[in-house]
Amino acid sequence: MSKFSVYISEEAVETINADGIEAFPNECCGFLYGTEAADGSRQITLAVPVSNSKEGDQRRRFEISPLDYLRAEQFALQNDTTLLGVYHSHPNHPAIASEHDLAEAMPYFSYVIVSVMDGEVADLKSWRLRDEEREFLEETVIVNVEV
Amino acid sequence: MAKIIIPTPLRKFTDNTSVFETSGGTVQEAIEQLAQAHSGLERHLFDDSRNIRSFIRVYLGEDDINSLEKGATTVSSNAVISIVPAIAGGIN
């Protein structure tokens, strides 16, 4: 049983999946917004694609520009929501957080990864750093229709 | 007063405060005020030499302070300072 649960609206999942397919064979990325309950469970209501700003091989790497990030935080403040994490795709690889993902991960954030195999969505998982440790825990993902 | 927007990954160190008001006259002073008010932020913002950590960017409005005068950049009373963590990753 995972320590964390994350509820993701069906609409947000569709946005993530569509972005992963469109970007294939490159990695896509975007922001995840929603709310967090007192018990730490999360409801992601909105996924917003953002440009992969990585210079170099975007089939294996993603990067979000600082300007896009600060605008995402401002969007959250203006819309009374919370930036809960980011998503990205793993083209032709499983939705398992990689060493690179771990090395770059920020605490608190949910890292949703969509696996896109040969241009089709194969899997979706979410990961969160264990407090104060460089170790990912898989979050239990629950897709919900009504939010 | 100028405002500092706290990124969500660091809000656990600010009692969930998202915006910090500061009277600091420079970016360095503003960030120092924030760190003094929320001591848990210290090690996440500064390295051992009191420089802002390399994986943190600081923006004044939409300008990277590294393209201005870095920590010495003057902060006006209506300025918005953003602390921006690096976001990246990818497959092995």
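The values are calculated or read from the model by the stated rules, or taken from the named source; none is laboratory data. Only a predicted model underlies this, so the values are computations on that prediction, with no experimental measurement involved. Virtual Cβ from ideal backbone geometry, glycine too; neighbours counted across all protein chains shown.
Picking from residues in segment A:105-147 that are of a type in the set (S, T, N, Q) and either at positive phi or in contact with a Phe, Trp or Tyr (Cβ under 8 Å, 6 or more places away or on another chain) (or both), the one that is surrounded by the most Cβ atoms within 10 Å (Cβ to Cβ) is A:Ser126.
Do the conditions hold for A:Glu138, that is, is it without any contact (Cβ under 8 Å) to a residue 24 or more places away in the chain and out of contact with any Pro (no Cβ under 7 Å at 6 or more places or on another chain)? Against the criterion (without any contact (Cβ under 8 Å) to a residue 24 or more places away in the chain and out of contact with any Pro (no Cβ under 7 Å at 6 or more places or on another chain)), A:Glu138 does not qualify. I'd like to check something: does segment A:8-30 contain any residue that is within 25 Å of A:Leu67 (Cβ to Cβ) and without any contact (Cβ under 8 Å) to a residue 12 or more places away in the chain? Checked against the condition, which is being within 25 Å of A:Leu67 (Cβ to Cβ) and without any contact (Cβ under 8 Å) to a residue 12 or more places away in the chain, segment A:8-30 yields at least one hit.
Residue check, B:Arg53 against (1) modelled with pLDDT of 95 or more; (2) within 12 Å of the chain's Cα centre (by Cα); (3) of a type outside the set (Phe, Trp, Tyr); (4) surrounded by fewer than 15 Cβ atoms within 10 Å (Cβ to Cβ), all met but one. Which one? It is condition (1) that B:Arg53 fails.
For segment A:73-86, which residues satisfy the criterion of being farther than 25 Å from A:Glu99 by Cβ, touching a Phe, Trp or Tyr at 6+ places or on another chain (Cβ under 8 Å) and either more than 7 Å from chain B (Cβ to nearest Cβ) or aromatic (Phe, Trp, Tyr) (or both)? Quick ask: steps written out before the conclusion?
Kept after step one, since they are farther than 25 Å from A:Glu99 by Cβ, are these residues of segment A:73-86: A:73-82.
Filter once more, so that each one left must be touching a Phe, Trp or Tyr at 6+ places or on another chain (Cβ under 8 Å): A:75-76, A:79, A:81-82.
Once the filter is applied, which keeps residues that are farther than 25 Å from A:Glu99 by Cβ, touching a Phe, Trp or Tyr at 6+ places or on another chain (Cβ under 8 Å) and either more than 7 Å from chain B (Cβ to nearest Cβ) or aromatic (Phe, Trp, Tyr) (or both), segment A:73-86 yields A:Phe75, A:Ala76, A:Asn79, A:Thr81.
Please pick out the residue among A:Leu137, A:Leu102 that is under 16 Å from the mean Cα position of the chain (by Cα) and either aromatic (Phe, Trp, Tyr) or within 11 Å of chain B (Cβ to nearest Cβ) (or both). Quick ask: steps written out before the conclusion?
Details: A:Leu137 fails: either aromatic (Phe, Trp, Tyr) or within 11 Å of chain B (Cβ to nearest Cβ) (or both).
The unique qualifying residue is A:Leu102.
Annotation: A:Gln58 fulfils all but one of (1) more than 10 Å from chain B (Cβ to nearest Cβ); (2) not in a helix (DSSP H, G or I); the unmet one is (1). Applying the condition of being in contact with a helix residue (DSSP H, G or I) (Cβ under 6 Å, 6 or more places away or on another chain) and of a type in the set (Ser, Thr, Tyr) to segment B:57-92 and asking which residue is surrounded by the fewest Cβ atoms within 10 Å (Cβ to Cβ) yields B:Thr73.
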